[in-house]
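Have a look at the structure below before the remarks.
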Amino acid sequence: MLEKIYKILKDKTVGIAGIGGLGSNCAVSLARSGIGNIIIVDFDVVDKTNLNRQYFFYNQIGEKKVFALKKNIKKFNPEINVQALDVKLNKLNIVEIFKNCDIIVEAFDNAEMKQMLIETVLLAMPEKYIVSGSGIAGWGRNNIIKTIQYDNLFICGDGVSEVSESLPALCPRVAVVANMQANQVLEILLENLLHNEEK
């Protein structure tokens, strides 16, 4: 079964918008699962404050996130095709950047950027699946973290816990939601495999 999974996933392309806590951990999980092509897009640099929840290392502080994450992924999966784009996404470049993706993962920490990406994809690329994260702050409360589907849009998280001074973004909850996003991507891409196995 594992060989069948890898055979399907090696030809798939997933785009990830934002590679902070959600995006970097989601990208690593997808790369470890056998996705053949990942497009990672961000314009930020690694900061010391990122290290408590993002897939970067101390010696990468100051590096561009996309290039640092590409190096990290290549260390455990040298065969994967990682396209690292040091770009700020906007309504004009989203379609061009993600046009060949099977699924787009929204992993921004900015509400306006989240809305802009989701609306652009849904309007300009309605055939594309988009997996978003919302409500990752704090700790505990595992029982309220879930995935909600609206047609081709999937939202992972609790939907309410916004990051604040009293409710910071901590690794366990961020990683849980990031891996829910990765797991949802796999569910979409492998849906036909499960149906075929059941026949």
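Here, each number is a calculation from the coordinates, and none is a lab measurement. Fair warning: this is a prediction, and the values are worked out from it, not measured in the lab. Virtual Cβ from ideal backbone geometry, glycine too; neighbours counted across all protein chains shown.
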Query raised in the report: GNM, the chain, Cα, under 10 Å: largest mean-square fluctuation among M125, M113, M180?
Result: M125
Query raised in the report: For the stretch 51-114 and the stretch 131-187, what is the separation of their C-alpha centers, rounded to whole Å?
Result: 18
Report task. For M1 paired with L51, estimate the spin-label separation in nm (one decimal), with each label point 7 Å from Cα along the Cα-to-Cβ line. Result -> 4.0
Query - Pairs of alpha carbons in the chain whose separation is greater than 28 Å (percent) - result: 22
Query raised in the report: Listed highest first by mean packing, meaning other Cβ atoms within 10 Å per residue, what order do 165-173, 68-76 come in?
Result: 68-76, 165-173
Query raised in the report: About its Cα centre, how strong a charge dipole does the stretch 2-198 have in debye, to the nearest 20, once Lys and Arg get +1 and Asp and Glu get -1 at the Cβ?
Result: 620
**Report entry** Which listed pairs, of K65/K128; K88/K114; K99/K128; K91/K128, have C-alpha distances above 19 Å, in listed order
**Finding:** K65/K128
Requested in this report: Evaluate the distance, in nm, between pseudo-label points positioned 7 Å from the Cα of V176 and of N100 along their respective Cα→Cβ axes.
Outcome: 3.7
Query raised in the report: Tell me, in nm to one decimal, what length is gained between W139 and E63 on full extension, where the rule is 0.36 nm per residue of separation less the Cα-Cα distance?
Result: 24.5 nm
Query raised in the report: Where Rh is the Kirkwood radius over the Cα pairs of the stretch 1-69, the temperature 4 °C and the viscosity 1.567 mPa s, what D in µm²/s does Stokes-Einstein return?
Result: 102
Report task. Report the full-extension gain for the segment N192 to D151: residue separation times 0.36 nm, less the Cα-Cα distance, to one decimal in nm. Result -> 13.0 nm
Requested in this report: Return the calculated 222 nm mean residue ellipticity for the chain, to the nearest 500 deg cm²/dmol, obtained by summing -39500 (n - 2.57) across DSSP H runs with n ≥ 4 and dividing by the residue count.
Outcome: -12000 deg cm²/dmol
Query raised in the report: Considering the zone a paramagnetic label at N81 would reach in this model (a point 7 Å from Cα along the Cα-to-Cβ line), which residues of the stretch 1-45 have amide N under 16 Å from it?
Result: 7-16, 31, 34-40
